[in-house]
Structures are given as C-alpha cells and as structure tokens.
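Okay, handing you the structure first.
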Amino acid sequence: MLFRARSGTFLTFALAGLLTGVWVARMPALAAEFGANEAEIGIVVLVWGLGAIAAMQALRGVMARAGSRAALRVALPLTALSYAAVALAPTYGVLLAAVVLFGMTFGITDIAMNAQGSVVERAYGRSVMSGMHAGWCVGAMSGGLFGVVTAAAGFGFTATVLAIALLALPAGLALGRTYLPDPPVQAASGTGRRARRMPPAVYLIGVLAFIAFMTEGSIADWSGLLLHDEMGATEAVAAAGYPMFELAMLLGRLVGDRVRMRLGTRRLLVGAGLGTAVGMTVVVLAPVPSVAIAGFFVTGLVVCTVVPTTISLAGSAAPDRPAAAVAQVGAMGYGGLLLGPVVVGFLSDATSLRVGVGTVVVLALLIAAGARFVPLRTGGDVAAQVDVPPDAGQPGAARPEPVAA
C-alpha cells in the first residue's frame, strides 16, 4: 500500500513537471506564434501565477476538508483539460484567459500533491519529500527534451502542447487510484477560524519558500529566451537549457534527503544559496551558450533541495493541520513564482536579459542569509526518525509525524 502510494505520488509530481517542462521549453515558440515581446510573455506568466494563487487561497479550506486525495482526483484531470485549452487558444486574449484557468487548476494540483506527499512522508516516518520532488525533475526534464525534439522537428507550440495534454488526461485519471486517504486529523483541520490561524513558523517558512520559488521560476521561464535571444542559440539549443537544469535538480534531489540528514537543515540551505549564486554568476557572465548551460546545471544541482525542505518543514510546523500549512506555504511560494519571472521580464525589457536573470544571484544570497532564521521543531539540527506502527500502511491508520530539522 505504501509503495503504491509513494510511486503514485512520485508519478503525479512527474506528470506536473512534464506539463511545466514542455511549457517552458517551448516558450520561444509561444512568443513567435503570437508575436509577443518579452513584456507580453511576462504578462502570460503573471496571469498564470495569479490564477494559481487565487485558487490556492480560495480553495485551501475546501482542500483541507476534502483531503489531498479527493482534491487530486479532480484537479489533475482538469489541469490536463486546461492545458489543452492553452494549446488551442487562437488569439493572445484567449490565450491569457486559458492560461488563467491553467494556473488555477495547476495551483490546486500542486498544493494537493505536496499535501499527499506529506501524508506519505508521515506514513513512512522519515523524510522522503526531496525524493518526491525528484519526480517533478524527471517530468520536467522529459518535457524539456520533448520540447527540444519537437523544436528540432519543426513542430509549433500548439501541436506540442496539445500532444502532452492528450497524454496527461488519462494518466491523471489512472493515478487517482493510488493515493492514500488523509488521516482524519488532516481532513478535519482546515475549517473555521482555527484554519486561518497558522503558527508564526509557517509564515517564516513561507518567506523562504517565496524566495526559493522566485529563484526557480526565474530560471525556468527565462533560460530559453536568455540562450536564444541574448546568446544567439538556435531554438533547439535554447530549449536544452531547462532540461539540463532539471537533470541536475533530479540528481540532487535523489540524494537530498540523505544530505539533509547528514548536514542538517540550516547548513543545507546555506550551501544551496551560496552554490546557486555561484552557478548563476557563471550563467550571467557566460560568453557562449554551452558555458551558460553548464552554469544552469551547477545551479540545479545545489538549489534543488530548498523547495522540498520548505514543504517538509511546513508539514511539521503545524502537525495538527499539515494540509492547510502546506497550502499556505505553497501559496506564498507561488507568490515568488509569480513575481520572479515578471521582475526579470520587465528588467530585461528595460536593460538586457543578462541583467534581468542576474537578479537570481541576489535571490540566492537571500536564501543563504535567511537560512539561519528557519524554525526547527526540535533542538537538533538533523531530521529525527520516528517509529512506524505496524498498521501505518493501512488506509485510515494513525500515521506518525516526522520531525523535520
């Protein structure tokens, strides 16, 4: 039961990453199809993020009451349908409307799959969140490579995105059978005034998630255009930047839980921030696309643990209502995902893409500086193991809370 749920949640992260990977890799094709400049592409990213945040905040209580399993069974297929609407949009105005819908459904999918990951993590009694997020990297990398192949073959934005949407719909329906039911305490804790009052630690974690998502979003949405427009790479080469970033993220997340156990949370986050600053400095100063792609790889290798660590911390900061805590931190993170690419877009429009993307260096240094303020549930600096009762894998059984440090 636990293995099936862990595999299903991993694949859900992978499917969400696949949708994002194709979207990011074919961003130059989207700009070409609609004749959009950098500022207009920034608006597309903006309305996507607004839709995601609005849905997260509006439906946080509903998701906490219904549970992550029920939310995913509805939201994941709807995300595939809205993705198809984006592909088929005939005009820029219709595209914006479709992107808002895509953002709303994707936002609910995102917080629900993280909440489901928290359910699985508590059932295991140890940190597995970084491994779950490795699934995202698998999907995003695959989507980016699919974008490279379709760009090299001459396929446009519409055909590429529609093909993935048609694949995602039946996959999303099938994955709905693998999820664990939420423990009663989680499903019942998202209502009334109590759900609106999160512990201060949740908001502190949310600030770090905001910066981390801002960093990842800026790299994801502008890597292709930086390589293509600023460095003169072909569309196929430009599309390779993001999959290389995600490949490094995958490698880092596969060992991220063990590294966190060895180094401790604060040291891990400081190292991730400083390493990201170094990697993105290489990208900004790169004389040729190949050097920039290498910089993206280094960046992905070190930044990869920040987001899953904040999600894991959120789930343990409010153990009586982890779904609502994950939703709150996720909504704050999406604020960064929304703001980062927009800031980069407008700075790039006013100066250059190198200057705009260079803001990621500053964000990475903020992660390193902010790590010392991360609240830990225990006095230690490692993630503590807890005993798992024999019936922990059964639906409805009591599941222990992992103590994240």
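Cα centroids of the range 273-297 and the range 13-70: how far apart, whole angstrom?
The range 273-297 and the range 13-70 have Cα centres separated by 26 Å.
Now, a different point. Would you mind getting the accessible area per residue of the range 1-180, heavy atoms of the protein chains only, 1.4 Å probe, in Å²? Walk me through the numbers before you get to the answer.
Values: 5820 Å² over 180 residues.
Per-residue accessible area for the range 1-180 comes out at 32 Å².
For the pair Leu173/Val278, report the inter-label distance in nm, with labels modelled 7 Å from Cα in the Cβ direction.
4.9
If you scale each eigenvalue of the Cα gyration tensor by 5 and take the root, what three semi-axes come out for the range 198-376, rounded to whole angstrom and sorted largest first?
Details: eigenvalues 168, 57, 34 Å².
Listed largest to smallest, the semi-axes of the range 198-376 are 29, 17, 13 Å.
Could I ask something else about it? What length, rounded to one decimal in nm, is gained on full extension from Met1 through to Val291, with 0.36 nm per residue of separation minus their alpha-carbon distance?
Working it through step by step, the gained length comes to 99.9 nm.
Rounded to the nearest 0.05, what FRET efficiency is calculated for Leu251 and Val362 with R0 set to 22 Å and r the Cβ-Cβ distance? Could the numbers behind the result be given before it?
Working: r = 26 Å, r/R0 = 1.16.
The formula returns an efficiency of 0.30 here.
Within the accessible area of the chain, what % is carbon and sulfur when the probe is 1.4 Å and the other protein chains stay in place? Mind dumping the intermediate values first?
Details: 9910 of 14160 Å².
Ligands and nucleic acids excluded, carbon and sulfur reach 70 percent.
Residues with beta-carbon under 12 Å from that of Gly271, excluding Gly271: net charge, scoring Lys, Arg +1 and Asp, Glu -1?
Once positives and negatives cancel, what remains is +4.
For Ala58 and Val343, calculate 0.36 nm times their separation in residues minus their Cα-Cα distance, and state this gained length in nm to one decimal.
Details: separation 285, 0.36 × 285 = 102.60 nm, distance 2.53 nm.
That works out to 100.1 nm of additional length.
If you take every residue apart from Pro308 with its C-beta less than 11 Å away from the C-beta of Pro308, what net charge results, scoring Lys and Arg +1 and Asp and Glu -1? Kindly include the intermediate steps, with their values, before the conclusion.
Values: positive: Arg253, Arg260; negative: Glu121, Asp257.
Value of the local net charge: 0.
Between exposed trypsin sites (Lys or Arg not before Pro) in the chain, where DSSP calls loop and at most 13 other Cβ atoms lie within 10 Å, what's the longest gap? Could you put the intermediate results ahead of the total?
Working: sites that count: Arg177, Arg197.
After excluding every exposed loop site, the longest remaining stretch is 198-405.
Report the charge-dipole magnitude of the chain in Debye, nearest 20, computed about the Cα centre from +1 at each Lys and Arg Cβ and -1 at each Asp and Glu Cβ.
Using Cβ point charges on Lys, Arg, Asp and Glu, the chain gives about 1480 debye.
Under 1.5 on a/c is rounded, so check that first for the range 42-159, then, if it is not, pick prolate when a/b is larger than b/c and oblate when it is not; a ≥ b ≥ c are the square roots of the alpha carbon gyration tensor eigenvalues. Let's see the in-between values first.
On the way: a/c = 2.62, a/b = 1.40, b/c = 1.88.
Cα axes put the range 42-159 in the oblate bin.
Taking only the alpha carbons of the chain, what extent do you get along each of the three principal axes, in Å, biggest first?
Over the chain, Cα extents along the principal axes are 57, 40, 36 Å.
At 222 nm, what helix-only mean residue ellipticity would the chain give, in deg cm²/dmol to the nearest 500, using -39500 (n - 2.57) for each DSSP H run of four or more? List each step's numbers first, then the result.
Values: 19 runs with 314 residues, N = 405.
Computed mean residue ellipticity for the chain: -26000 deg cm²/dmol.
Residue farthest toward the positive end of the dipole of the range 198-376, with Cβ of Lys/Arg at +1 and Asp/Glu at -1: which of Val259, Ile211, Val237?
Of the candidates, Val259 comes out farthest on the positive side.
Oh, and also: Check every DSSP H run in the chain and write down those whose alpha carbon atoms cover 24 angstrom or more along the long axis and whose mean Kyte-Doolittle hydropathy is 0.0 or greater. Please report the intermediate quantities before stating the final value.
Numbers: long enough: 2-25 (34 Å, 1.21); 38-66 (41 Å, 1.24); 68-88 (29 Å, 1.23); 92-124 (46 Å, 1.06); 129-152 (35 Å, 1.07); 157-175 (27 Å, 2.19); 200-225 (39 Å, 1.30); 265-285 (30 Å, 1.38); 322-350 (42 Å, 1.28).
Counting only whole DSSP H runs, the qualifying helices are 2-25, 38-66, 68-88, 92-124, 129-152, 157-175, 200-225, 265-285, 322-350.
What does the charge count near Asn37 come to, summing +1 for each Lys or Arg and -1 for each Asp or Glu among other residues with Cβ under 12 Å from its Cβ? Walk me through the numbers before you get to the answer.
Values: positive: none; negative: Glu38, Glu40, Asp229, Asp349.
It works out to a net charge of -4.
Please name which of Pro200, Val278, Thr20 has its Cα lying farthest along the dipole of the chain towards the positive end, using unit charges on Cβ (Lys, Arg +1; Asp, Glu -1) and the Cα centre as origin.
Ranked along the dipole, the leading option is Pro200.
The values are calculated or read from the model by the stated rules, or taken from the named source; none is laboratory data. Keep in mind it's a predicted model, so treat the numbers as computed, not measured. Methodologically, a virtual Cβ is constructed for each residue, glycine included, from the backbone with ideal geometry; neighbour enumeration extends over all protein chains shown. The accessibility values were calculated without ligands, DNA or RNA, using every heavy atom of the protein model including side chains. Shrake-Rupley method; radii C 1.70, N 1.55, O 1.52, S 1.80 Å.
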